[in-house]
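Remarks on the structure that follows.
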Amino acid sequence: MTLLSLDAVEASTLIRSIRHSEAEQPLHSNTLQRRAASRGACPGGVAACTRRGLGVRSAVKFTQTVVPREKPSTNASRIMLAALALLAGLGLIACDAGRDDRAIVLAVVQAPANLDPRLATDATSERVNRLLYARLVELDEAGRPAPGIARWQRLSPRHYRFELSAERKRFTDDQPLTAQDVAATYRSILDDGIASPHRATLALIERIEVLDARRIAFHLSRADPLFPAYLSVGIVPARLIAAGHPLQRSPVGSGPFRVRDWPRPGRLVLERRSDQQRVTLVRVKDPNVRVMKLLRGEVDLLQNDLPPELVGLLRQRDAVRVIEAPGVNFSYLGFNLADPVTGDLRVRRAIAHAIDRRAILRWLFNDQGRLAEALLPPEHWAGAIDLQPYAHDPRQARQLLREAGFAAEQPLRLSYKTSSDPFRLRLASVLQAQLAEVGIDLAIQSYDWGTFFGDIKAGRFQLYGLTWVGVRLPDIFRYAFHSASLPPNGANRGRYLNPLADRLIEAARREGELADQVQHYRQLQALLHVELPYVPLWYEDQIAVMRADLAGYRLASDGNYDGLLSVERLAERRAP
């Protein structure tokens, strides 16, 4: 377990000190109270924080080294903004000697790791692969399957025929994409030898038949009206699959971009095939350093992974523009239902009523998000539209805890696991304070990402916070909540076992039409909303910040990089 310690470059350290950085040593509660008061963590005092809904009070015992803060005060914002500009202007960030001034530079937190679309599992790799490879099927804004490079006919519930578009796609080695490439891609996914993460979803494919250069048939072992939506994996060349070509490091696709150079893991140079515009992805983990590089002109574009107060500061800068759009990535609190405490529904309901989600969105996220009641947003074709939110009701939370056998003389003590990301730790501390208001003593345990996620997959937790990213299909319910999907067979990490939920998932799968599946999925979401294997929190907004000379970038609701297809520089690059 790690303490809150931000190991960034000196410039970032300076910024944090100006921002009254969170403590880096374990503190007893009385020490924390004194420091919080002296450092202005609660403008207007502790009572003001409580009035604003974040629930911070002097009686809270913090087991983690984080002080929850609201929006930066005006003076703090001005000081931080001045510091960012000063450091950028003085050149305290090392310049990139290999910078191509013609390229548009996107700074990312995590670099892509695998550019084979059959194998990639991390979000950055999947977003880049969307740019490198064409797909048979896309999903529309409501999550319904739509033609990509092919149209299809359902000849029977278990027989589909796809036809590639007449405008033939070509791979970056100038060879045409044919039905043979489609067949080879999906046959390889079904091969146990490559351990594709898509194999389980596509296991219903019984046989693939190439009819001619443009037509291909899929024969299924069972009916599934969602089948076309599963065919959204990028197509790779059959000849390179046969040759064992390392696509993960040397991709050959037929998408709108090609890889121009990949000199090191933290730097990837793409080229847009339509006009040879280059886009460079560079890894910059620390958000303060990303912002300073943007202000200095070393990078042109940032997307997400920025603390809300930094976004607010950037709105004040003429040299950059901030755009935002509603997002669909679902944040939640997960419970271990095999634990005797968090397995008690009364405890889970008490936590749901103790959390003031609106206050957190308002003061911690600066209104950059919307409340969620289910994993799928209400605008999704299978979304639940009539779920009543759990109101912030501390009195009801205390009553539920009493019914569960907890009281002031016997308080409920829980462990909450999270990553060591500074903003997620601040969020954890706010949750800790709000739960303390109803008598729950929450111990925060923070870990590096790999250790944290490993613990979650292994079931070593009582309570944790995570976000589902890029979920577009309702088969997520089988993966996350079916009793057959306990790890390693799925993502039912909370050990949720409910025969009714299983029956609803199976009933939806048996329906022959998407319209007939909706009622089952909505009943399932209503059941999950009552039983609370997750406490739904919010969908965070998508945020992009770019230099003022960029235009045409559009945000995707799931955070994809599709805006790189249309982004352009308005004028010749000027020195900052």
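Summary table below
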item	result
Every pair of residues 6+ apart whose Cβ atoms lie under 6 Å, when the first sits in region 384-413 and is over 16 Å from Val341 (Cα atoms) and modelled with pLDDT of 95 or more while the second is among the basic types (Lys, Arg) and in a strand (DSSP E or B)	none
Residues (in contact with a Lys or Arg (Cβ under 8 Å, 6 or more places away or on another chain) and within 20 Å of Glu324 (Cβ to Cβ)) located in region 512-546	Leu537, Trp538, Tyr539, Asp541, Val545, Met546
Residue list for region 297-322, filter: of a type outside the set (Lys, Arg), over 30 Å from Tyr534 (Cβ atoms) and in a strand (DSSP E or B)	Leu301, Val320, Val322
Answer residue from region 236-261, given it is among the small types (Gly, Ala, Ser) and either in a loop (DSSP other than H, G, I, E, B) or modelled with pLDDT under 95 (or both) and is surrounded by the most Cβ atoms within 10 Å (Cβ to Cβ) among those	Gly253
Arg264 being open to solvent by 60 Å² or more (accessible area, probe 1.4 Å) and at pLDDT 95 or above	no
Arg346 being open to solvent by 30 Å² or more (accessible area, probe 1.4 Å) and without any contact (Cβ under 8 Å) to a residue 60 or more places away in the chain	yes
Candidates Arg144, Arg127, Arg102, Arg69 - the one that is at pLDDT 55 or above and crowded, with 18+ Cβ neighbours inside 10 Å	Arg127
Criterion (in a loop (DSSP other than H, G, I, E, B) and surrounded by fewer than 21 Cβ atoms within 10 Å (Cβ to Cβ)) met by exactly one of Pro197, Pro117	Pro197
Those residues of region 505-528 which are in a loop (DSSP other than H, G, I, E, B) and either touching a helix residue (DSSP H, G or I) at 6+ places or on another chain (Cβ under 6 Å) or open to solvent by 70 Å² or more (accessible area, probe 1.4 Å) (or both), in sequence order	Glu511, Glu513
Residue check, Leu401 part of a strand (DSSP E or B) and out of contact with any Ser or Thr (no Cβ under 6 Å at 6 or more places or on another chain)	no
Long-range neighbours under 7 Å by Cβ, at least six apart or interchain, first residue without any contact (Cβ under 8 Å) to a residue 60 or more places away in the chain within region 432-453, second among the β-branched types (Val, Ile, Thr) and surrounded by 18 or more Cβ atoms within 10 Å (Cβ to Cβ)	Phe452/Thr418
Selection within region 451-477 - assigned to a helix (DSSP H, G or I), open to solvent by 20 Å² or more (accessible area, probe 1.4 Å) and either among the aromatic types (Phe, Trp, Tyr) or within 18 Å of Asp305 (Cα to Cα) (or both)	Phe453
Any hit, region 483-503, residues being surrounded by fewer than 17 Cβ atoms within 10 Å (Cβ to Cβ) and basic (Lys, Arg)	yes
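The values are calculated or read from the model by the stated rules, or taken from the named source; none is laboratory data. Small disclaimer: the values here were computed from a predicted structure and weren't measured. Positions of Cβ are generated from backbone atoms using ideal geometry, with glycine treated the same way; all protein chains shown enter the neighbour counts. These area figures cover heavy atoms from the full protein model, side chains too; ligands, DNA and RNA do not enter into them. Shrake-Rupley method; radii C 1.70, N 1.55, O 1.52, S 1.80 Å.
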